[in-house]
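The values are calculated or read from the model by the stated rules, or taken from the named source; none is laboratory data. All figures in this text were calculated on a predicted structure; none of them were measured in a lab. Because the Cβ atoms are built from the backbone with ideal geometry, glycine has one as well, and the counts that use them run over all protein chains shown. Just the protein is used for accessible areas: all its heavy atoms, side chains included, with ligands, DNA and RNA removed. Shrake-Rupley method; radii C 1.70, N 1.55, O 1.52, S 1.80 Å.
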Amino acid sequence: MVTFNLTVPLSVDFSRPEDYLIFIFHILFATGSVLLAGSVVIGIMSTRALRSQNRFIFMLNTSISDTLTGCSVFYLGLFDVQEGYPSRNGTYYILPSFLGVNVLTFVFAQFDRYLAVCHPFFYKRYISRGVVIGVCALCWIYTYSILTVQSVVPVAFAAQMNAFGVIVLQVIVAVKVLMTIKLYMITRYQLSREAPGTDKESKKESLRIIVFVVICFLILWAPSFVNISVKYVTKNGLRFKNEATNLFAIMARFNALSTPALYIWGSPALRAAVWNSVWGKIFKRRKTRLYNSTGCLWSCEIREGRRENPQHHIASEKHEHRGLFNYLLK
């Protein structure tokens with residue numbers, strides 16, 4: 001098997017055509033997740049109007065986790081890694097647990113939207129921006145404190161803790177399903193009775209985003225969750241060669257791409273912030289480079305404030321246009 005740095009072998013040995021497809025897929029998926037989720041992080045961080053809203057703080061927290069999940073695929077998807085007890089070239093569940101942070105964040109985000117819509121006076125009085133930031137930090141602290149304990153105790157006890165974590169996860173998933181149904185009913189019936197206005201549209205948009213995101217998350221993550229539960233209960237379940245060929249784990253990690261995509265699709269304000277903060281600047285620079293490659297360097301000089309002699313630049317403008325015309329005729 002091909003090795004990297006003579007330590008960890010690659011996830012596939014390239015003996016079959018599908019090995020190349022698996023390897024290329026993970027590279028594209030990891031790159032796409034980092035770029036998309038990372039652009040959401042930059043868009044929210046660079047826009048004060050979004051940072052001041054609690055729902056975008058939850059989006060920021062999950063997008064940071066999704067960005068790190070995309071980065072983790074460069075290891076989990078490209079190298080021969082098997083998480084578990086015992087593991088093979090594993091990370092003690094450090095990299096896969098980014099999804100666990102999202103599970104907790106979505107639960108708190110659902111309760112946040114429920115209180116914001118159904119109990120607005122209580123929400124405005126007690127649920128401040130600091131409280132939401134503290135809750136997001138708690139999601140990270142709880143997830144990785146459990147992993148820290150599991151990494152220092154004996155393997156047998158760590159496996160028992162992992163099994164208990166699966167049970168807790170089942171309870172959390174049940175709560176997520178019930179809250180999704182509740183939020184859908186609120187969107188469908190309660191908001192329809194409110195008077196039209198910007199506040200109603202904002203509530204409707206936030207509820208629609210969280211409902212779609214959670215449903216998508218559960219659909220993609222459920223097969224892996226069921227398979228893990230079956231393996232712990234019956235010792236059966238499907239087993240894969242490594243994380244790169246684990247179809248259920250790939251589906252779960254696909255949330256790192258679908259979640260920020262749904263955020264951008266559902267929120268025009270976030271879409272504009274991402275474009276203005278990230279992609280608009282990138283494409284603007286590229287357009288400037290392409291324009292300059294045709295010989296129109298004078299336009300950049302005008303933008304930089306170096307147009308000191310108007311008559312000279314008018315003549316230069318005519319000359320450059322003439323040069324561009326001759327260049328296109330070639």
Requested in this report: Please work out the average accessible area per residue across region 147-251, using the 1.4 Å probe convention, and give it in Å².
Outcome: 57 Å²
Report task. Place +1 on the Cβ of every Lys and Arg and -1 on the Cβ of every Asp and Glu in region 202-290, take the dipole about the Cα centre, and give the residue among Cys216, Val230, Ile282 whose Cα lies farthest towards its positive end. Result -> Ile282
Query raised in the report: To the nearest 10 Å², what's Tyr123's accessible area with a 1.4 Å probe?
Result: 30 Å²
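In region 203-281, what percent of the accessible surface is made up of carbon and sulfur (1.4 Å probe, ligands and nucleic acids excluded)?
In region 203-281, the share of accessible area belonging to carbon and sulfur is 71 percent.
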Query raised in the report: Under a 1.4 angstrom probe, counting protein chains only, how are Leu104, Leu178 ranked by accessible area, largest first?
Result: Leu178, Leu104
**Report entry** Cα centroid of region 29-50 to Cα centroid of region 89-139, whole Å
**Finding:** 18 Å
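By the scheme Lys and Arg +1, Asp and Glu -1, what is the net charge of all other residues having a beta-carbon under 14 Å from that of Val41?
Numbers: positive: Arg51; negative: Asp66.
Overall, the nearby charge balance is 0.
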